[in-house]
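One structure is given below, encoded as structure tokens.
The values are calculated or read from the model by the stated rules, or taken from the named source; none is laboratory data. Predicted model, so just to flag it, every value in this text is computed and none were measured. In this analysis, Cβ positions are derived from the backbone assuming ideal geometry, glycine residues included, and neighbour counts consider all displayed protein chains.
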Amino acid sequence: MSRLLGAQNLEQNLVPNFQSRVPLSRYEPCDVQEVVRIITHLQPRVLGVALHASKDATINAVALATSKHILYINLDNSCRRSEFKTLLALNNCLLVSFGMARIVLILYRFFGCRARGVDLGTFILVEQTIKVDTAYLSYQELNCLQQLAMNLELLEAKKPTHSDGEIESVDVVDGMVVIRNSRYKTRVRRSEQTTIVMDTIDGETIYGRVNAAEGKNTTVKVLAGSARRNVENIRIVGREKLTNAERARDEFILRLLRGEIPLQGPYFTDLIWFPAFASAQTKHQDAAPASIALAHLGLNPSQSQVANAMISTNSHPLVVVQGPPGTGKTRTIAAASWYWDQNHCPVWVVAQSNVGVKNIAESFAKNGIDFKILVSKEFYVEWHEHIYGPIEEYLIRSDDLFQDPDPVYAENRLGDSNVILCTLSMLSNPALNDCQIFDLVPVERLVVDEASQIDTSEFMASAISVLNCSWQLFTFVHSICSINSGKL
């Protein structure tokens, strides 16, 4: 007997040619078998699936949808895995969802069942779409990725769905509202996923969507209400669009589950996620006698040890450095980069934040390193031009670099520099590939500063498509708790 908790009708206008009123039924945790019976009886060709994750990293609800019914199941530990395996393996029934790659990984994590489906965000016709399928991955690879998928789900759930903007002034130009933002962090950004809500002094509410953003100015097209200057408060409703690094990460996971790229096998991913396998591939060689070359840089013993590990050929393909602020991590990066610069060895140095990259650049300039720092127009224009004064000669703005796809143009902008600095998001920008910059300065060495702020999947996904066969990776972790209290 079905233990139906309740039923209601949902109104929908998002999908055309489907009924506007969709019945939704809620079920108890132990009633999965009844839900399987209902869905089997309905014989849907397509079954929508959505999950709800709790704060303690478990799944507490699953929603399944046909074109005419939605079944919402509350879950607890009493739900049997075998019943879910039956449900997810129905013949002639294709699972569909937005973010399907992440969903099949979470289903595997909690119910131990492999699944196959279609990501609704990537298809035109279901029959012609490349399916997401866990069968492309081994159990070892799935065990690695399911934890990643759960982490991403929890982090995304914590992202705010609304925020307040901070404004200097508001103007009306050609029927649009022009906002002058006062802070970079809270600026109103361009995104198709957000709606701008503006409250006027006299109690009116204006709804709009960002049409353009340039420097401190954001232009909003009015969708409801009338454009006015007397705006008192601004709210951004909806989640901000993904960063380049986040988009690269999601594309990376999607392509893995489509069988388009391997996870285990490329040396880069093996080093991070499958170290035992990578160790078997590594041909250890004696470190090059490079310590003499760094002797004049004034490094202390531990800094010298790290720098020499970084510049040693093949001996240390992965170097992880941990130390609290003030222990000389930036100085150590500069020392190794000076050596690579002197020996014409290409290296990319990345960090999560623009300020972190800028600090490294200042250290490089003091040490006479020939480098270029790539900075986005959005961060630079009107907001942070002043902080780059001492290193202006090394700076290349992204819109300047990307304006001409001819690699000769990029080559002229880079000059003889083999050392490139940028944020992780910039490294993930597909426009870098378009201007063929990785042919000019290949990613043979990757230094990741502020590594504790970055999920490993982000810099792996960003770099996996541009890495050369011969490379080294160096991560610098800023310790939140001062575990290593000694100097680096």
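Quick notes on this one:
- Any hit, the range 194-207, residues being of a type in the set (A, V, I, L, M), over 18 Å from residue 238 (Cβ atoms) and free of Cβ contacts under 8 Å to residues at least 60 places away in the same chain: yes
- Within the span defined as the range 137-153, one or more residues are part of a loop (DSSP other than H, G, I, E, B), surrounded by 14 or more Cβ atoms within 10 Å (Cβ to Cβ), on the phi < 0 side of the Ramachandran plot and within 23 Å of the chain's Cα centre (by Cα).
- Test: residue 16 is assigned to a loop (DSSP other than H, G, I, E, B) and either farther than 14 Å from residue 62 by Cβ or modelled with pLDDT of 75 or more (or both): yes
To keep it simple, each residue is scored yes or no on (1) touching a Ser or Thr at 6+ places or on another chain (Cβ under 9 Å); (2) among the aliphatic types (A, V, I, L, M).
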residue	(1), (2)
156	no, no
168	yes, no
180	yes, no
185	no, no
199	yes, no
206	yes, yes
214	no, no
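- Residue 81 being more than 29 Å from the chain's Cα centre (by Cα), modelled with pLDDT of 80 or more, surrounded by fewer than 16 Cβ atoms within 10 Å (Cβ to Cβ) and of a type in the set (Lys, Arg): no
- Positions within the range 189-221 being assigned to a loop (DSSP other than H, G, I, E, B) and not basic (Lys, Arg), in sequence order: 191, 192, 193, 194, 201, 202, 203, 204, 215
- The range 133-155: number of residues that are in contact (Cβ under 8 Å) with a residue 60 or more places away in the chain and of a type outside the set (A, V, I, L, M): 9
- Boolean, residue 251 is among the charged types (D, E, K, R), at pLDDT 90 or above and either outside the structural domain of residue 102 (by TED's automatic domain parsing) or surrounded by fewer than 18 Cβ atoms within 10 Å (Cβ to Cβ) (or both): no
- Whichever residue in the range 415-426 is surrounded by 18 or more Cβ atoms within 10 Å (Cβ to Cβ) and at pLDDT 90 or above and, among such residues, is farthest from residue 249 (Cα to Cα): 417
- If you go through the range 39-65 and keep only what is out of contact with any Gly (no Cβ under 6 Å at 6 or more places or on another chain) and surrounded by 17 or more Cβ atoms within 10 Å (Cβ to Cβ), you end up with 39, 44, 47, 48, 49, 51, 53, 59, 62, 64.
- Against the numbered list (1) in contact with an Asp or Glu (Cβ under 9 Å, 6 or more places away or on another chain); (2) at pLDDT 90 or above; (3) part of a helix (DSSP H, G or I), residue 180 comes up short only at (3).
- Within the range 225-248, the set of residues being outside any loop (DSSP other than H, G, I, E, B), surrounded by fewer than 16 Cβ atoms within 10 Å (Cβ to Cβ) and at pLDDT below 95 comprises 232, 233.
- Top-ranked residue of the range 176-190 - restricted to ones that are surrounded by 15 or more Cβ atoms within 10 Å (Cβ to Cβ) and of a type outside the set (Lys, Arg), ranked as nearest to residue 241 (Cα to Cα): 188
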